[in-house]
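Peer 1: Provided herewith is a single structure, encoded as structure tokens, for subsequent inquiry.
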Amino acid sequence: MFTDFFYHLRAVGLKVSLTEWLSLIDALVQGHARSDLAAFYALARSLLVKRETDFDLYDHAFAVFFKDVEAHFDLDDELLAWLEQATLPDLPPGAEGLEALDLDELRRQFEERLSEQSERHDGGSRWIGTGGTSPFGHGGSNPAGVRVGGTGGGRSAVQIAGQRRFRNLRSDRILDTRQIGVALRRLRRLERSGVPEELDLDETIDRSARNAGDIELVFAPERRNHVKLLLMMDVGGSMDPHARLCERLFSAAHRAHHFKRFEFRFFHNCVYKWIYSDISQWRGHPTADLLREVDDSWSVVFVGDAWMSPYELTRVGGAIDYSHRNTTSGLDWLSRIRDRCPKSVWLNPEPEQIWPATTIHMIRQIFPMFHLTLDGLGEAIDVLRGARPNRPLRAA
């Protein structure tokens, strides 16, 4: 079977060498696939696919070979056609006519249910539980509510009760970071400063030529990069599907030697009073302190899907953590950062087709937004370098 898979990959256009294939066979002999098709998929992709641009072709070939998927299925065209005509799934019986509650009313009802409920509840439209149309719990359908437990996924929860756990982005990812690093290198702004101790070859040749061939060495201060970069990254929740891509960007920036200073901070959904250097341990400091440390000489790059409840951006007390009663709205905090550091952009991993969504549209009115691809990163860097206008949506 595996020999047929080798020829199948070659037939669809993947340039799998015999050496790479033998490495895969050796990994299988050592038990790295664990007799699991999902593990084999990841193992084979890591050993056989050389470029990330071939991932879609590999996925297609894998599905055709192992899952009996029709070979003529065009992932890109058919998926885009479906998205253009996408409709929301049918709500469960009784869900028609649901309306999002006001935040204050949502809090009042949630605390009322907590005091009254004494047992588990599944389904229904009132109690805290799973499924159904109640605005409290998880796994159900409601235009806005307080998620309690569960993993989310519907992206309609206004606030999340209970402690949340997040994982910091790894800074040790090497695979596929080279192109991102090359793109970030364009952000450099080299200036000569300090003691003249570096040989200026062009000026040396010019002076020597003017002296009829007598060598005259000319020294100049070393050219140093004066760019200071602050990377602000949304982690957890709806950003989990994009974690690998964000880790590549974070790793490339973290390992780069292109900046005079490089700082990073984490947040979830939106920036509020606190910003984190280690969100898994909730280690951080007040955002106001960060604003005092940076100024208009800094470039700021936000990375996030900008997708949340509108309350999180517009309302005092609307932060996603139920216990965090923020006294300043999310939009105000984002505007303060933009005013303090005008050279700021936002990179969004979500498809541009959904950018007219409410909260994404709001954030685009503060920051120029670009798709988190190599092309989008290049456009964002052009803005930070001043090579193209730095205008948010409202100034377009």
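Peer 1: Kindly state which helices (runs of 4 or more DSSP H) lie completely within the range 272-384 and contain at least 3 residues that are of a type in the set (A, V, I, L, M) and surrounded by 18 or more Cβ atoms within 10 Å (Cβ to Cβ).
Peer 2: Working: elements: 287-293, 310-314, 330-340, 358-364.
The helices (runs of 4 or more DSSP H) meeting that bar are 330-340, 358-364.
Okay, residues lined up against (1) more than 24 Å from ILE180 (Cα to Cα); (2) not assigned by TED's automatic domain parsing to the domain that holds ILE205; (3) not acidic (Asp, Glu):
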site	(1), (2), (3)
ILE215	yes, no, yes
PHE219	yes, no, yes
LEU231	no, yes, yes
ALA252	no, yes, yes
TYR272	yes, yes, yes
GLY304	no, yes, yes
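Peer 1: Also, quick follow-up: Quick one: count up the residues across the range 234-258 that are outside any helix (DSSP H, G or I) and touching a His at 6+ places or on another chain (Cβ under 9 Å).
Peer 2: Of the residues in the range 234-258, 3 are outside any helix (DSSP H, G or I) and touching a His at 6+ places or on another chain (Cβ under 9 Å).
Peer 1: Further question: Residue check: is GLU352 in the same structural domain as ASP234 (by TED's automatic domain parsing), more than 29 Å from ALA252 (Cα to Cα) and at pLDDT below 90?
Peer 2: Values: in the same structural domain as ASP234 (by TED's automatic domain parsing): yes; more than 29 Å from ALA252 (Cα to Cα): no; at pLDDT below 90: yes.
Judged against the criteria, GLU352 is not a match.
Peer 1: Checking the condition more than 14 Å from MET232 (Cβ to Cβ) and touching a strand residue (DSSP E or B) at 6+ places or on another chain (Cβ under 8 Å), which residue from GLY304, GLY376 passes?
Peer 2: GLY376
Peer 1: Take the residues in the range 1-35 that are of a type in the set (Val, Ile, Thr) and part of a helix (DSSP H, G or I); name whichever of them is farthest from ASP59 (Cα to Cα).
Peer 2: VAL29
Peer 1: When you look at SER208, is it of a type in the set (S, T, N, Q), in contact with a His (Cβ under 9 Å, 6 or more places away or on another chain), surrounded by fewer than 19 Cβ atoms within 10 Å (Cβ to Cβ) and at pLDDT 70 or above, yes or no?
Peer 2: It is false that SER208 is of a type in the set (S, T, N, Q), in contact with a His (Cβ under 9 Å, 6 or more places away or on another chain), surrounded by fewer than 19 Cβ atoms within 10 Å (Cβ to Cβ) and at pLDDT 70 or above.
The values are calculated or read from the model by the stated rules, or taken from the named source; none is laboratory data. Every value quoted in this text rests on a predicted model; they were computed, and no experiment measured them. Here the Cβ is made from the backbone with ideal geometry for all residues, glycine too, and neighbour counts use every protein chain on show.
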